[in-house]
Amino acid sequence: MEETWPYHVTVFTSPESRARRITTSQHPHTFEDAAELARKARLVARIRTVFIILLCLATAAYGLMLVLPRLNPYSQQGLPRLSASLHEIETIPMRQKIIGYERTAFGASWDNSPGTSCDTRDVVMAGQTPSAPNCDAQGSELFDPYSQELISTDAIEVDHIFPLSAAWDHGAYQWDDATRQQFANDPLNLVATSRELNQSKSDSLPEEWLPPHPRATCWYSERVAAVAAAYRLSLSENSVQVMKKQCQFGNLLR
């Protein structure tokens with residue numbers, strides 16, 4: 001009986017690199033079987049190469065999704081750049097909880113807008129609702145900077161961008177009542193947003209919370225810094241670092 005010897009098949013995935021190869025675990029007994037295994041091995045190598053290319057493209061696309069919105073951030077006319085505001089802000093190691101905070105320390109309710117029957121909340125909502133007559137925005141839609149979406153005014157709350165309890169911890173505990181009332185009603189520190197986002201933000205600063213839309217994070221950081229600079233409030237080192245990171249791409253094109 002004629003003895004047959006198995007073929008050992010090694011397929012190189014490219015002529016240039018003999019290090020990249022696929023060695024089959026099967027041992028064909030004829031040259032035709034060896035050729036068929038070699039063909040299958042080359043097919044596997046091509047599929048693997050295509051998969052790696054697709055994975056790289058998907059990774060690059062995901063990276064662009066994260067970076068491109070930050071290259072074209074949402075902006076607000078007249079808002080100081082982050083770097084300018086940070087020069088006027090005291091940075092502290094961390095937020096220290098100061099006892100004694102009560103919401104009523106900043107006034108029991110919204111102030112009335114001079115010369116109108118509208119209060120501060122109405123004015124803020126109307127400012128984000130271009131079609132609202134006077135300051136009546138009820139039943140309309142307004143633009144929410146945090147989500148970058150139009151939302152119904154029936155489901156909104158007015159957020160203090162620099163939260164009142166955070167302001168208390170960062171210096172407002174030393175203010176008189178009039179200054180705290182002014183701070184709570186200052187349009188610079190107010191934005192109408194969805195009830196859900198306002199509740200998720202709570203009394204957080206940038207080290208703990210950022211708007212969900214990447215186009216809004218630099219704008220939000222600049223608003224926090226502008227409020228802090230205007231009222232001589234401090235910020236923690238972590239918050240400042242987070243804020244700088246949000247504006248690093250957008251500032252390249254400004």
For this session: Would you list which lysines come within 27 Å of residue 97, measuring only between C-alpha atoms, while excluding same-chain residues fewer than 8 positions from it?
Result: 201, 244, 245
For this session: Report the full-extension gain for the segment residue 76 to residue 48: residue separation times 0.36 nm, less the Cα-Cα distance, to one decimal in nm.
Result: 5.3 nm
For this session: Provide the net charge surrounding residue 79, with neighbours chosen by a C-beta distance below 9 Å and charges set as Lys +1, Arg +1, Asp -1, Glu -1.
Result: +1
Problem set entry | Residue exposure sequence - 110, 219 - by fewest surrounding Cβ within 10 Å | 110, 219
Problem set entry | Under the Debye formula (equal points on every Cα, no solvent term), log10 I(q)/I(0) of segment 76-253 at q = 0.08, 0.09, 0.14 Å⁻¹ | -0.24, -0.31, -0.76
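We did not get these values from a lab; they are worked out from the coordinates using the rules stated. Since we're looking at a predicted model, the values are computed, not measured. Backbone-built Cβ (ideal geometry, glycine too); neighbour counts: all protein chains shown.
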